Amino acid sequence: EVFEAKYIRMFSFYPAADGDIVSRRDDVMRLWERFLKEAEGTGVTLLHENEKGIYGDIPERCLDLARTLGVDLIFDPANFIQCGADTLEGFKLLRPYIKYMHIKDALAESGRVGPSGMGEGHLPEIIAALAEDGFNGYLSLEPHLGNFEGFSEHEPDSPFASLPPSGERSYAIAADALKKILLKGGYSFK
């Protein structure tokens, strides 16, 4: 209420010490139902993001959450890549439920995160498909993009190795990369 937030980004729980989140599906749904009940009548919409390592970290379980609970989704292609999921297949599966996009890309082999269009997240294709759908949701650039000290020595062939350290310069690179994808995908902006 203080920030007049329309959406709240939510997750679907990390596993217990045994690491088995799948057997806890009913617990996840029960807890989410409580959250949804709490949000009723507030004007705030709870959105689920596919963070790695939680119940909803792969497209099939995100779909389970969307269908079972009626929740809409935040689609983060880099997180899906880091979980070994195919972002295009995940997008096809989740397309009707996506209300918000986290914009960052990643490399499957290393899991390294970088600006859109510089990894294997298929962001140009996904953005173009969203434009075809008339998507007018939110795109949020992730702040932790770019190189870090020692990265270029560790992964010299990475397309991210030449980026400046995370901060203002790498964020500008990420914003420019997104703008190019948006224009190519059929969006216009001021």
Conditions: (1) loosely packed, with under 14 Cβ neighbours inside 10 Å; (2) among the acidic types (Asp, Glu); (3) at pLDDT below 85. Glu109 meets all but one. Number of the miss? (3)
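Could you identify the single residue in Arg34, Arg25 that is free of Cβ contacts under 8 Å to residues at least 12 places away in the same chain and either among the acidic types (Asp, Glu) or part of a helix (DSSP H, G or I) (or both)? Don't jump to the end; show me each part of the working.
On the way: Arg25 fails: free of Cβ contacts under 8 Å to residues at least 12 places away in the same chain.
After ruling out the rest, the residue left standing is Arg34.
Given the criteria among the aliphatic types (A, V, I, L, M), at pLDDT 95 or above and surrounded by fewer than 17 Cβ atoms within 10 Å (Cβ to Cβ), does Leu31 qualify? Quick ask: steps written out before the conclusion?
Details: among the aliphatic types (A, V, I, L, M): yes; at pLDDT 95 or above: yes; surrounded by fewer than 17 Cβ atoms within 10 Å (Cβ to Cβ): yes.
Taking the combined requirement at face value, the residue satisfies it.
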Answer with yes or no whether Phe91 is within 23 Å of Gly137 (Cβ to Cβ) and either in a strand (DSSP E or B) or at pLDDT below 95 (or both). no
So which pairs qualify, if the first residue must be in segment 115-139 and closer than 24 Å to Ser170 by Cβ and in a loop (DSSP other than H, G, I, E, B), the second must be modelled with pLDDT under 90 and open to solvent by 30 Å² or more (accessible area, probe 1.4 Å), the Cβ gap must be under 6 Å, and the two must be at least 6 apart or on different chains? Pro115/Ile173; Met118/Pro159
Checked segment 66-88 for anything of a type in the set (D, E, K, R) and under 10 Å from the mean Cα position of the chain (by Cα); matches are Asp76
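If you go through segment 52-65 one residue at a time, do you hit one that is in a helix (DSSP H, G or I), over 16 Å from the mean Cα position of the chain (by Cα), modelled with pLDDT of 95 or more and surrounded by fewer than 21 Cβ atoms within 10 Å (Cβ to Cβ)? Spell out the reasoning first.
If we filter segment 52-65 for residues that are in a helix (DSSP H, G or I), which is where we start, we get 59-65.
Subset that is over 16 Å from the mean Cα position of the chain (by Cα): 64.
Subset that is modelled with pLDDT of 95 or more: 64.
If we keep only those that are surrounded by fewer than 21 Cβ atoms within 10 Å (Cβ to Cβ) too, we end up with 64.
Yes: one or more hits.
The values are calculated or read from the model by the stated rules, or taken from the named source; none is laboratory data. Note that this is a predicted model, so its numbers are computed, not measured. Cβ atoms come from the backbone with ideal geometry, glycine included; neighbour counts cover every protein chain shown. For the accessible areas, the whole protein counts, side chains as well, though only heavy atoms, and no ligand, DNA or RNA atoms are used. Shrake-Rupley method; radii C 1.70, N 1.55, O 1.52, S 1.80 Å.
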